[in-house]
Amino acid sequence: MSFDQRKVTDNWAETSWDRDVWFPIPISFQGTKWADAAEWAFDYAGDRFLRGGRELNKKVVKKEVLPFAQSLVLARSQGAGKLAGHKLYFHCPDYTKIPVVVAIGLWKREGTREEAFQYYSYWGTETATVPPVAEWFETEPLGRGVKAHWSGVAGTGPYDQVNYVFRDDDFDTDVHVFLMSWSHERFLEVLPDLDTLVRTIRCTPDPDKSKA
């Protein structure tokens with residue numbers, strides 16, 4: 001069974017993300033409150049400085065907030081529309097933390113449940129340097145899935161990755177969540193929050209199609 005030609009599901013998914021640690025990365029800005037990536041990034045950069053206890057005076061905005069926002073714009077451009085995910089989030093509790101991207105892929109079911117779990121849970125392990133560790137992972141909305149994590153070496157150096165995979169037969173959808181981090185410290189910080197986020201994911205009808 002080949003998943004190389006997999007297609008996006010006809011459905012969608014919702015999450016209940018904790019605004020203290022996450023913020024969304026729009027794939028596009030149509031229908032959002034932001035005109036463009038710069039406006040979105042400045043909004044969340046300022047918010048993360050406030051959450052870190054900083055006062056947003058002119059000096060801080062110019063010397064620190066704006067460069068942080070520019071880094072968010074760059075990071076978004078490297079992920080939105082390029083990662084194999086349809087919903088993207090940054091884990092970034094405040095301005096002192098390196099933003100880490102989490103992607104949620106929503107795919108039309110292919111093959112058996114076992115084949116899908118095997119493919120998505122070990123997706124990316126070709127650069128692993130240690131055997132991946134897999135375990136069952138339970139959520140109320142999606143049921144039992146698999147969580148697999150490992151470390152490896154890629155083009156930019158050592159990294160850690162985790163994959164989660166679930167199948168929702170009612171919505172004809174395989175849900176694949178993944179995170180790849182080049183900071184081991186940040187990887188360990190994000191994992192508990194990511195477990196919590198994953199447990200909130202639920203498949204829904206596509207809101208755009210329901211309006212048609």
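The values are calculated or read from the model by the stated rules, or taken from the named source; none is laboratory data. All values reported here derive from a predicted model rather than from experimental measurement. Counting neighbours? That spans all protein chains shown, and the Cβs are built from the backbone with ideal geometry, glycine included. Side chains are part of the model used for accessible areas, which takes the heavy atoms of the whole protein and leaves out ligands, DNA and RNA. Shrake-Rupley method; radii C 1.70, N 1.55, O 1.52, S 1.80 Å.
Would you call THR112 among the β-branched types (Val, Ile, Thr) and more than 17 Å from HIS86 (Cβ to Cβ)? So THR112 fits the description; yes. Taking the criterion of being part of a helix (DSSP H, G or I) and buried (at least 18 other Cβ atoms within 10 Å of the Cβ), the residues of the range 190-203 that qualify are VAL190, ASP193, LEU194, LEU197, VAL198. A count restricted to the range 88-109 and to residues that are touching a residue at least 40 places away in the same chain (Cβ under 8 Å) and either assigned to a loop (DSSP other than H, G, I, E, B) or open to solvent by 30 Å² or more (accessible area, probe 1.4 Å) (or both) stands at 10.
With the requirement that a residue be open to solvent by less than 60 Å² (accessible area, probe 1.4 Å), closer than 12 Å to HIS86 by Cα and assigned to a loop (DSSP other than H, G, I, E, B), what does the range 1-21 give you? If the condition is that a residue be open to solvent by less than 60 Å² (accessible area, probe 1.4 Å), closer than 12 Å to HIS86 by Cα and assigned to a loop (DSSP other than H, G, I, E, B), then THR9 is the only one that fits.
Within the range 22-62, the set of residues being of a type in the set (D, E, K, R) and surrounded by 11 or more Cβ atoms within 10 Å (Cβ to Cβ) comprises ASP36, GLU39, ASP43, ASP47, ARG48, ARG51, ARG54.
Selection over the range 60-87 of residues that are closer than 20 Å to THR173 by Cβ and in a helix (DSSP H, G or I) gives a count of 0. When TRP17, TRP34 are screened for being within 27 Å of THR139 (Cα to Cα) and hydrophobic (A, V, I, L, M, F, W, C), only TRP17 passes. From the set of residues in the range 110-133 that are part of a loop (DSSP other than H, G, I, E, B) and under 16 Å from VAL146 (Cα atoms), which is least open to solvent (accessible area, probe 1.4 Å)? Within the range 110-133, the match that is least open to solvent (accessible area, probe 1.4 Å) is GLY124.
Say whether the condition of being at pLDDT 95 or above, open to solvent by 70 Å² or more (accessible area, probe 1.4 Å) and among the charged types (D, E, K, R) is met by at least one residue in the range 143-158. Yes, the range 143-158 has at least one match.
Going by the structure shown, is SER181 within 25 Å of PRO99 (Cβ to Cβ), open to solvent by 30 Å² or more (accessible area, probe 1.4 Å) and in contact with a helix residue (DSSP H, G or I) (Cβ under 9 Å, 6 or more places away or on another chain)? Taking the combined requirement at face value, the residue does not satisfy it.
Inside the range 72-87, can you point out the residues that are exposed (fewer than 15 other Cβ atoms within 10 Å of the Cβ) and either without any contact (Cβ under 8 Å) to a residue 24 or more places away in the chain or of a type outside the set (Ser, Thr, Tyr) (or both)? Across the range 72-87, the qualifying residues are LEU74, GLN78, GLY81, LYS82, ALA84.
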